[in-house]
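Nothing in this text is a laboratory measurement; each read-out follows from the coordinates by a stated rule. Remember, it's a predicted structure, so these values are computed and weren't measured experimentally. Don't worry about glycine lacking a Cβ; one is built from the backbone with ideal geometry, like all the others, and counts go over all protein chains shown.
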Amino acid sequence: MSPAPPATATPADRTYLLEQIDDAAVVQVYADGFRGLPRRDRILVWHLVQAAIAGRDIFYDQRYAHNLEMRDVLEAIVAHGDGIDPGTRAEIVRYTKLFWINTGPYNNLTARKFVLTCPREAFARAAAAAGVDAATVARLEPFFFDPDLDPTVTSKTPPSGQDILTASANNLYVGLSMRDLDGFEDRHPINSRLVKQDGRLVEEVYRVGGRHGRQIAAIVDHLEAAIPFAAEPTAHALRALIRFYRTGEDADREAYDIAWVQDRESPVDTINGFVEVYLDARSIKGAWEALVFYVNREKTVQIRTIAEHAQWFEDRMPWDPKYRKRGAHGVTATAIEVVMETGDSGPVTPVGINLPNDQAIRERYGSKSVSLTNIAEAYDKSTLPELRTEFSWTPEEAARAMKWSAFASELTTNMHEVIGHGSGKVDERLRGNPQAALKEQFSAIEESRADLVALYFLPDPKVVEIGLVSAEDHAEVALAEYEGYTRNALVQLRRVREGTQIEEDHMRNRQMIVRWLMAHTDAIAVRSRDGRTYYVMTDAAAFRDGVGRLLAEVQRIKGEGDYPAARALFETYGVHFDPALRDEVVARVDRLRLPSYTAFVMPRLTVVRGEAGEIVDVELSYPLDLTAQMLEFSAATRHLRG
Ligand SMILES: [Zn+2]
């Protein structure tokens, strides 16, 4: 049992950070293992990538009803921009890049709208020069310029007089409020838009022949083309997915989830469908996303080791034993390299994913967890050192962060996904569906649970015993992680540049945990020096003890579906913050020009064709250019709209 192997050596002259737009970094992701795949797998990846691109516009439409029309106008200007005043053009290019990065005019992290800042007349002239008709520009203008029109994409803490649906600008619900849903049960919970028509609720189902039918039919065509190149368990899952895309029935979604989770050893895999529920204030409707990836065998060693010991951790969870899973159906954990991410998972992406989300299937069939190693690598390689040093109280803390943060965050991400999301069970009364009880609080509770599991077990001697960390480094790694986690509650405020509320679920969870620990333990001190605030982790043992107590409570909340307790926890510690403190943090990062979040440019695939036009091979290159990639993707799916 040896510690995790070091990262594969990469060329030193490689470009990771491509550009920065306002507080967004744009970073190229590399897929070094692609060339080593057998030819058959490379062709399989090609078809799955085409399916991923084919569905991209679905997510644009889900996120905002006006998104696709707005994107058309912007892309016309960016692509054919001759004769446009340079100042206006620069502002439109800036806005367009943020629009692509965030899939529309809402910031990914704050959920708030951002707008064009050039004069309206200048925008209209630029659009006219690019051949956009004046009536279209006039109709869309408020969506580009008015910050008070549809101000928030997903509002889980709505202003008074509104509810979580009426205050959310996304396109998952049309013309209804939460009151209309009293006694209503979604028949197609994950894959429909809910519309109130003539006083009745109608589910517009996403399927072939239904809403987004043309995009879904194109996805199905590419998945069918992929099947002959797939190993049988993957082919079986793809056939189940196609069936679900055709019928839209929830029973077929379940069958697909089961087939997908049972495909455990295939070297190439995909996630393609309506998956994560963060966009929906009710946490019910799935946002469309696609990922295509292959296994990184070397790095899978660490994550498999955690999975092999999942039951050991489960048996020692610091929560009521009645919520411990027995004979845990394992988590299949894999380190992967992504080749493509679209929709809800790109250009901004998570670094770890654990699916399916269906709690009942997880408890019966287990789950698959993937750690996106080439994303984590690109993220780490593009992070500026000042982000760690500026907020560290001592040079020793800064040095620990520089030395260990990449290693510690990879390890805790793996623990978060495998023994965090993979763990625990809920009361039978909830019928495997704690989401329904916890509503808009569910996602933040579940993310808290997974983070707390990782934080709780990181300092455990078991981690050394199974070879994840060497004995001499263990204490320092755990210390660096606790310090970094604590600092992050302060540093992440840079991402919420407007307003005084945190909307994004992962950010809520991290804020809640640190602020709860501040209120209930002596582990964290708030210090100040030269007008700068620091969150200093001062007692690792007290920190861990507090994490264990909070984890017991968070699991109880999930297990019982205790909505009032979940709401109180986040209202007290996770949602609100001091705007003066945020302003200080923003000023500190802006002085250093540090980005708040990162968008990734994916590799580009091209096919090599034989004499009869058949695909004989697939080559991979790196565009190093966000604009080129976004224009290529949009062009590839334009014929599917209409
Ligand atoms: Zn998570």
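Before moving on, here are some points about what is shown:
- Debye intensity ratio I(q)/I(0), log10, the chain, q values 0.09, 0.10 Å⁻¹ (C-alpha model): -0.73, -0.93
- Distance between modelled label sites at Ser160 and Ala134, nm, 7 Å Cα→Cβ extension: 4.6 nm
- Using a cutoff of 8 angstrom between alpha carbon atoms and counting only pairs six or more residues apart, the relative contact order for region 234-351 works out to 23 percent.
- Under 26 Å from Lys285, Cα to Cα: lysines that are on another chain or at least 8 residues apart: Lys113, Lys156, Lys196, Lys368, Lys425, Lys439, Lys558
- For region 178-307, the fraction of alpha-carbon pairs lying more than 21 Å apart is 48 percent, rounded to a whole number.
- For region 487-555, applying the loop criterion from DSSP together with a ceiling of 14 other beta carbons within 10 Å to the trypsin sites (Lys or Arg not before Pro) yields no site.
- Its relative contact order, with pairs defined as Cα atoms under 8 Å and 6+ residues apart, puts region 4-147 at 20 percent.
- In this structure, the amide hydrogen of Ser192, modeled 1.01 Å from its nitrogen in the peptide plane, lies closer than 5 angstrom to those of Tyr206, Gly286, counting only residues at least 5 positions away or on a different chain.
- Qualifying trypsin sites (Lys or Arg not before Pro) for region 122-195 [loop in DSSP, other Cβ within 10 Å: at most 15]: Arg187
- Estimated from the Cβ-Cβ distance and a Förster radius of 25 angstrom, the FRET efficiency linking Asp625 and Asp221 is about 0.30.
- Relative contact order (%) - criterion: Cα under 8 Å, at least six apart; region: the chain: 18 percent
- Taking N as the residue count of region 53-193, its C-alpha radius of gyration divided by 2.2 N^0.38 Å amounts to 1.17.
- Two-site label geometry, Glu428 and Asp72: point separation in nm, points 7 Å out along Cα→Cβ: 5.5 nm
- Normalised by residue count, region 388-497 yields a Cα convex hull volume of 110 Å³ per residue.
- Take the Cα of Ala636, step 7 Å toward its Cβ, do the same at Ile615, and the gap between the two points is 1.0 nm.
- Across every pair of non-identical alpha carbons in region 92-154, the mean reciprocal distance, once inverted, gives a Kirkwood radius of 12.2 Å.
- Additional length obtainable on full extension of the chain from Glu19 to Val195, 0.36 nm per residue less Cα span: 59.3 nm
- Extension gain for Thr606 to Val93 (0.36 nm times residue separation, less C-alpha to C-alpha distance): 182.0 nm.
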